[in-house]
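Notes for the one structure printed next.
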Amino acid sequence: MKKKVVLIQDNAEILDAMDEVLKDEGYQVTSSLTTEPIEKIEHIEPDVIIVDDHIKGHKKGSEVIEEIKSDPQTEDLSAILTSTSINLKEKADECGADDYIEKPFDIDHLIEVVKKNT
């Protein structure tokens, strides 16, 4: 059975690139420019979520991860924060993310981080 990834990014080109890479690696990907998939997380049942810190909407990606990690039903879900931010590691640590991917991202690094967290 394919591992499932929820991918939320702020940029359509980056979203498409990451989506394509992960699908090529055999993952089942639910990708979005909004946090809509988070509201359906119980139905999607992903193995990992990848969220950009600067997503559209009222919350930052780090806040979304913080909420996921503080909910007993989703606290064990692997969460990866992405951003162009220079202090990304600190932000990832603060919100409880399991890992982080700096943008612009390296394809091999993206694959390595996702494999490590699924």
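The values are calculated or read from the model by the stated rules, or taken from the named source; none is laboratory data. Just so we're clear, the structure is a prediction, and the values are computed from it rather than from any experiment. What goes into the accessible areas is simple: the full protein's heavy atoms, side chains included, and nothing from ligands, DNA or RNA. Shrake-Rupley method; radii C 1.70, N 1.55, O 1.52, S 1.80 Å.
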If DNA, RNA and ligands are ignored and the probe is 1.4 Å, what is the ranking of 43, 54 by accessible area, most exposed first?
43, 54
Distance between Cα centroids, the stretch 79-118 to the stretch 27-56: provide it in whole Å.
15
Convert 20 °C to kelvin, take the viscosity as 1.002 mPa s, use the Kirkwood radius over C-alpha pairs of the stretch 26-118 as Rh, and evaluate the Stokes-Einstein diffusion coefficient in µm²/s, rounded to a whole number.
161
Partner lysines whose C-alpha sits under 17 Å from that of residue 59, ignoring same-chain residues fewer than 8 away, are 40, 69, 91
Would you pull out the residues with amide H under 5 Å of residue 5's amide H, same chain only if 5 or more places away, H placed 1.01 Å from N?
28, 29, 30, 47
Computed [θ] at 222 nm, helices only, for the chain once each DSSP H run of length n ≥ 4 contributes -39500 (n - 2.57):
-11000 deg cm²/dmol
Given springs between every Cα pair under 10 Å in a Gaussian network model of the chain, which of 14, 107, 50 has the largest fluctuation?
107
When every protein chain stays in place and a 1.4 Å probe is rolled, 100, 27 sorted by accessible area with the largest first are 100, 27
